[in-house]
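For reference, the structure discussed in these notes is given below.
The values are calculated or read from the model by the stated rules, or taken from the named source; none is laboratory data. In this text, all values refer to a predicted model and were calculated from it rather than measured experimentally. For neighbour counting, all protein chains shown are included, and Cβ atoms are generated from backbone atoms with ideal geometry for every residue, glycine included.
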Amino acid sequence: MARVLAGTPPQIVAPSPADTQQAMAWIQAHYATFRGQWVAVRLHAPALIAQAPTLTQLWQVAAPEAFQDCLIHYVSTMANEQQVPGLGWDV
């Protein structure tokens, strides 16, 4: 049988969400350059960490440690932007 110990239970606090505003601003500033690419941009002092045409290739471009504290984002193409959302799309 389990024993319950007297005392105060530990407080579990969810981590606050990361601030992605600076990284998104960097992506917007370089949008035309990276169309159709997956990019990994550092969250603090934004800079490009890696880029690749597919997500699988992006993981292969840099070491896993390089992706810590990064925003990974697909920079859509003109064709993607003009496509009408259909079933299964998050609007």
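Here are a few things to note about the model shown:
- Matching residues, segment 1-55, being touching a Phe, Trp or Tyr at 6+ places or on another chain (Cβ under 9 Å) and either in contact (Cβ under 8 Å) with a residue 24 or more places away in the chain or surrounded by fewer than 10 Cβ atoms within 10 Å (Cβ to Cβ) (or both): Ile27, Gly36, Gln37, Trp38, Val39, Ala40, Val41, Arg42, Pro46
- Scan segment 7-24 for residues that are over 12 Å from His73 (Cα atoms) and among the hydrophobic types (A, V, I, L, M, F, W, C) and the total you get is 4.
- Selection of segment 34-51 for residues being polar (S, T, N, Q) and modelled with pLDDT of 95 or more yields only Gln51.
- Any pair with Cβ under 8 angstrom, 6 or more apart, that starts in segment 64-78 at a residue that is farther than 14 Å from Asp19 by Cα and of a type in the set (A, V, I, L, M, F, W, C) and ends at one that is modelled with pLDDT of 90 or more and part of a strand (DSSP E or B): Ala66/Ala40; Ala66/Ile49; Ala66/Ala50; Phe67/Ala40; Phe67/Ile49; Phe67/Ala50; Val75/Trp38; Val75/Val39
- Residue count for segment 52-91 satisfying the condition of being acidic (Asp, Glu) and either farther than 18 Å from Met24 by Cβ or at pLDDT 90 or above (or both): 2.
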